[in-house]
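Below is one structure, written out as structure tokens; the observations come after it.
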Amino acid sequence: NAGVTQTPKFQVLKTGQSMTLQCAQDMNHEYMSWYRQDPGMGLRLIHYSVGAGITDQGEVPNGYNVSRSTTEDFPLRLLSAAPSQTSVYFCASSQLTGRINSPLHFGNGTRLTVT
Amino acid sequence: SQQGEEDPQALSIQEGENATMNCSYKTSINNLQWYRQNSGRGLVHLILIRSNEREKHSGRLRVTLDTSKKSSSLLITASRAADTASYFCATDAGGYNFNKFYFGSGTKLNVKP
């Protein structure tokens, strides 16, 4: 049971570089989302998707792009990395059950450092 | 941020004692959830309480919700060293925004053996 798989686990970028954080789930969940976790600030929602071809912005979307071409994958793209994007990134998925939320299933995170 | 704070930020207790942590939020919600995070890992779902519920139990966990005060509490009874982790509350944005989730800043619990 793989659940939610994030790659890579660690990444170091130079300012201005771009990269894609990968997220894949094998639970056939319609809902997928990306969060960043900074010390003392909890998790903040970056982008989310309720199905293939549908994405929407969260709390802190600037500097990030997403797309959802399949149910299983939800990559997060950093267009031009900045030191402020140094953080731990988590992908999470769940079933779509309307107003009564389903539990989020989290990956183990990608620790990104931008120098 | 959409949501408020959790308190305390850190809590240290002896094994066998009860641990209580609190969560406040700012807007109306549909549901509130509690998650646990072990160091360096992803979050794990513990319990969900709907906005029309006042109390919910799951094993050693008891969650209360007071929508008039926009607050919730998580009680862990008879704590164990394995309960050492950070605990986060999460709410949706209310109304039809039930797919947007907001997390508190977390309570770091240390249970000493």
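Each reported figure results from applying straightforward, stated rules to the coordinates on display, with no laboratory input. It should be emphasised that the depicted structure is a prediction, and the values quoted were computed from it without experimental measurement. Using ideal geometry, Cβ is built from the backbone for each residue, glycine included, and neighbour counts are taken over all protein chains shown.
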Worksheet entry | Distant-in-sequence amide H partners of A:Asp26 (H built 1.01 Å from N, under 5 Å) | A:Gly3
Worksheet item: Residues with beta-carbon under 14 Å from that of A:Ser93, excluding A:Ser93: net charge, scoring Lys, Arg +1 and Asp, Glu -1?
Response: -3
Worksheet item: What trypsin sites (Lys or Arg not before Pro) in region A:1-100 are in a loop by DSSP, with at most 16 other Cβ atoms within 10 Å of the Cβ?
Response: A:Lys9, A:Lys14, A:Arg99
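So what's the net charge close to B:Leu43: Lys and Arg +1, Asp and Glu -1, counting the other residues with Cβ under 14 Å from its Cβ?
The answer is +4.
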Practice prompt. Using only alpha carbon pairs under 8 Å that are at least six residues apart, calculate the relative contact order of region B:15-113 and give it in whole percent.
Written response: 34
Worksheet item: Which value, in debye to the nearest 20, describes the size of the charge dipole of region A:4-115 about its Cα centre when Lys and Arg Cβ atoms bear +1, Asp and Glu Cβ atoms bear -1, and nothing else is charged?
Response: 300
Worksheet item: For the protein assembly as shown, what is the charge dipole size about the Cα centre, in debye to the nearest 20, if Lys and Arg each add +1 at the Cβ and Asp and Glu each add -1 at the Cβ?
Response: 200
Worksheet item: What is the list of residues in region A:72-87 whose amide nitrogen lies under 17 Å from a point 7 angstrom out from the Cα of A:Phe10, following Cα to Cβ?
Response: A:86-87
Discussion item. For the pair A:Ala82/A:Gln17, report the inter-label distance in nm, with labels modelled 7 Å from Cα in the Cβ direction.
Written reply: 1.9
Fill in: chain A: translational diffusion in µm²/s, Stokes-Einstein, Kirkwood Rh over Cα pairs, 4 °C, 1.567 mPa s
92
Discussion item. Of B:Tyr96, B:Leu61, B:Ile49, which is farthest towards the positive pole of chain B's charge dipole, taken about the Cα centre with +1 and -1 on the beta-carbons of Lys, Arg and Asp, Glu respectively?
Written reply: B:Tyr96
Worksheet item: Could you give me the ³J(HN,Hα) list for region B:38-51, computed from phi with Karplus coefficients 6.51, -1.76, 1.60 and θ = phi - 60°, whole Hz, x at Gly and Pro?
Response: 7, 3, x, 10, x, 7, 10, 5, 10, 6, 10, 10, 7, 5
Worksheet entry | trypsin sites (Lys or Arg not before Pro), loop per DSSP, at most 16 other Cβ atoms within 10 Å - longest free stretch of chain B | B:81-113
Worksheet item: In whole angstrom, how far apart do the alpha carbon centroids of region A:68-93 and region B:16-77 sit?
Response: 27
Worksheet entry | Cα-only radius of gyration and Dmax that characterise chain B, units Å | 13.5, 45
Worksheet entry | Contact order relative to length of region A:39-115, as percent, for alpha carbon pairs under 8 angstrom and 6 or more apart | 21
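Counting other Cβ atoms within 10 Å of each Cβ, which chymotrypsin sites (Phe, Trp or Tyr not before Pro) in region B:23-110 have at most 15 and sit in a DSSP loop?
Of the chymotrypsin sites (Phe, Trp or Tyr not before Pro), the ones in loops of region B:23-110 whose Cβ has at most 15 other Cβ atoms within 10 Å are B:Tyr96.
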Item to complete: Work out, in µm²/s and without decimals, the Stokes-Einstein translational diffusion coefficient of region A:63-115 at 10 °C, 1.306 mPa s, Rh from Kirkwood over C-alpha pairs.
Response: 121
Worksheet item: Can you run phi through the Karplus equation (6.51, -1.76, 1.60; θ = phi - 60°) for region A:33-49 and list ³J(HN,Hα) in whole Hz, with x for Gly and Pro?
Response: 8, 10, 10, 10, 10, 10, x, x, 10, x, 9, 10, 6, 9, 9, 9, 9
Practice prompt. Provide Rg and Dmax in Å for the protein assembly as shown, with only Cα atoms included in the calculation.
Written response: 17.4, 51
